[in-house]
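The values are calculated or read from the model by the stated rules, or taken from the named source; none is laboratory data. Quick caveat: nothing in here was measured; it's all calculated off a predicted structure. Here the Cβ positions follow ideal geometry from the backbone for every residue, glycine too, while neighbour counts run over all protein chains shown.
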Amino acid sequence: MKPSHLIGEGMAQTAPDLSDAPDGRRFRSLFLSDIHLGTKGCQADLLLDFLRYHDAETLYLVGDIVDGWRLRSGWYWPQSHNDVVQKLLRKGRKGTRIVYLPGNHDEFLRDYYGSHFGGIEVVETAIHEAADGKRYLVIHGDVFDVVVRHAKWLAFLGDGAYSFALGINTYLNWVRRKLGFPYWSLSQWAKLKVKNAVSFIGRFEEAVATEARRHKVDGVICGHIHHATMHNDFGVGYINCGDWVESCTAIVEHEDGRFELIDWARQTRARTGAPLLLERPKVAA
């Protein structure tokens, strides 16, 4: 993945490096998903840094912002996670419209569709009309994951395995840091190398694109699978926000309706000129 990409008018192209920008950037809309506040894998400090540099008229929180699954099994909520919540609420107070579309990990909020909390709207799905007139279905995407829908116990098991992989990364990357190497994600590598995982991503993307066609819109913006990308492979625009556990990516819409995928981890590395060593807190035995 390159540091950032643009999509619009049916085309995708490389965008200028974010480090060329002055102090900050303001966009028409901003999309974040899969932050997983309440877990040790959440890169809250990096997200806070991102939010300092980026603002928007409308901010979409595309699910799995708070990880209720993990919080039920053990409370973990450091100050940095609270700072993220306060930062988002502060943006809302300053005039940003914030729309929250709960995912499977924060499904407890699905009982509150139509409600407002601190200026945050909670909705099931949304239709976002871009500046160029194109319409996009905004949805977390877990309803298109057959494991989550039909075998929730297996989804919990998979979530535990994912957390275990992040725990292994803690020790693996401790060694890499000692050797001067940057952070490397075992689980992200596995997704792209294991045939079944790659096949799952493809099936998910096709299913979500089919749902966009059913709604007669021009594209879909989603999250869920922690795989940031933008393409038109299925006849409509497919945009996935990625996550803030591994990839640290976000989607922004420019004033002319173009969408850009920002890889903040890589942008930070380019801005500082040093390897980005994402710290993973040690997992208790």
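Does at least one position in region 47-56 carry a residue that is farther than 17 Å from residue 83 by Cα and either in contact (Cβ under 8 Å) with a residue 24 or more places away in the chain or not aromatic (Phe, Trp, Tyr) (or both)? Walk me through it before giving the result.
Quick first cut of region 47-56, residues farther than 17 Å from residue 83 by Cα only: 56.
When the remaining residues are screened for being either in contact (Cβ under 8 Å) with a residue 24 or more places away in the chain or not aromatic (Phe, Trp, Tyr) (or both), the result is 56.
Yes, the conditions are met somewhere in region 47-56.
Can you find, within region 19-41, the residue that is modelled with the lowest pLDDT among those that are in a strand (DSSP E or B) and of a type outside the set (Ser, Thr, Tyr)?
25
Would you check if there is a residue in region 199-208 being over 23 Å from residue 130 (Cβ atoms), surrounded by fewer than 15 Cβ atoms within 10 Å (Cβ to Cβ) and at pLDDT 85 or above?
Yes, that holds for at least one residue.
Please work out which residue is modelled with the highest pLDDT, limiting yourself to region 144-160 and to residues that are surrounded by 17 or more Cβ atoms within 10 Å (Cβ to Cβ) and not in a loop (DSSP other than H, G, I, E, B). Talk me through it step by step, then tell me what you get.
Going residue by residue through region 144-160, those that are surrounded by 17 or more Cβ atoms within 10 Å (Cβ to Cβ) are 144-145, 148, 155, 159.
Next cut, not in a loop (DSSP other than H, G, I, E, B) only: 144, 148, 155, 159.
Working: 144: 87, 148: 37, 155: 39, 159: 49.
Among residues in region 144-160 that are surrounded by 17 or more Cβ atoms within 10 Å (Cβ to Cβ) and not in a loop (DSSP other than H, G, I, E, B), the one modelled with the highest pLDDT is 144.
Between residues in region 246-261 that are among the hydroxyl-bearing types (Ser, Thr, Tyr) and residues that are surrounded by 24 or more Cβ atoms within 10 Å (Cβ to Cβ), which pairs lie under 6 Å by C-beta distance while being six or more apart or on different chains?
If the second residue must be surrounded by 24 or more Cβ atoms within 10 Å (Cβ to Cβ), the pairs left are 247/228; 249/228; 249/242.
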